[in-house]
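Taking it in order: structure first as structure tokens, then the write-up.
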Amino acid sequence: MAKRILTLLVFSLALFITPSWASCLEGAQCFTFPVSSTPTFHTFDFGTDGAITFTFDTVLVSFDLDVTAVEDALFTFSGPDFPDPGTTTCIFYSNGHCVRYNVTGANGGPVPVKGVNFRGLIAVLLNYDSSPIFNGIPAFGHAPGDTTTAAFSEDILTFYVDPNAPACTFCEDPGMGGKVPNISSFEAFKKPFANGAQGDVVCSPGVTAVSQNSTYGNNPIVEVSFKLVAAGGNCNTGPFLRDKTATLSVGIPDPNNSNNVVPQPLVNGGDSNKFHFNNQNGVNVQDINTNGLPSGTYFVTVISTLFSPVNTTFIIP
């Protein structure tokens, strides 16, 4: 896996803000978010313990955040997002540790309040050095509450890209992200497959991303597709399965640290982020509208409740 470099991790479309440093809680990193009507972010980079970035759409009243990276912290689960806590495990980083990120206000005080200190949801992005996930699915745990030992009750994962899934080809570190209305603690987890399944099989060559000739609305299209069979199934004869749970994320190497990935906005990346099933050839398919994306190499990672993450790439010339 790639070696992490201490550097600033930038969220896509976020504007750089000249940093203002606060006095820190002992053992923490801290940052003062200034009043701003534009997206304001800061990355708390803990080296081999990962880097976590918070982006606020609008800051109404200046506030401080203290973030502590705690290795191998004890954790518990509650709520429907973690229905089988006995088989949900933390993700071990390449340094041999799991890491919980505890977030407080200045010197351990109250965190900023939505509608008072900021507007909108808080975008959270975590990059870390770890092996690809096998025999499970990723989860981005959030533990809302006033303590740094609160149970993880929310899986906020809406973005996940691992350029190494299922094998190290590009060797960038994985990234996961989501949005929350408030912040306290976060950690990367691996959950079991749905309903105790062993995991279905994505047939060779895995997930593919192929540019399509399309003149509809002058929108360039990349077709992402995969074939799926049950564990022990036959990828030559099927039967091929429809996956209603599969979603995809698109990312690029972080321009400030090529070992990391950052999300890319897609025209159809919200409500339309679902695969449909082609009964004729047994393929799960989703079209990506790449209109507005600059030239470069893009990572596409598909996640599901039925199989471990699988990654491919496409190039915009």
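Only the coordinates and a few stated rules stand behind these numbers; no lab work does. No experiment lies behind these values; they were computed from the predicted model shown. Here Cβ is always computed from backbone atoms with ideal geometry, including for glycine, and neighbour counts include all displayed protein chains.
Taking label positions 7 Å along the Cα-Cβ direction at both N213 and N236, the computed distance is 3.3 nm, reported to one decimal.
Straight-line reach from K179: taking Cα to Cα under 21 Å and skipping same-chain neighbours fewer than 8 places apart, the lysines in range are K114, K190, K191, K274.
Spherically averaged projected area of the convex hull of Cα atoms, region 23-152: 8.4 nm². If R0 is taken as 25 Å, the Cβ-Cβ distance between N95 and S258 corresponds to a FRET efficiency of 0.80.
Dipole size of region 29-194 about its Cα centre, with +1 on Lys/Arg Cβ and -1 on Asp/Glu Cβ: approximately 380 debye, rounded to the nearest 20. Projected onto its three principal axes, the C-alpha set of the chain covers 63, 47, 36 Å, listed from the longest axis down. For H42, the residues 5 or more places off, or on other chains, whose built amide H falls under 5 Å of its own are F54. Can you tell which of K114, K227, K191 shows the greatest fluctuation in a Gaussian network model of the chain with Cα springs below 10 Å? Top of the fluctuation ranking is K114. Spin-label model, S62 to T38: label points 7 Å out along the Cα-to-beta-carbon direction sit 1.9 nm apart.
Think of the chain as a dipole: +1 on every Lys or Arg Cβ, -1 on every Asp or Glu Cβ, centred on the Cα centre; then among P112, T247, N279, N279 lies furthest on the positive end. Dividing the Cα radius of gyration of region 198-316 by 2.2 N^0.38 Å, with N the residue count, gives 1.10.
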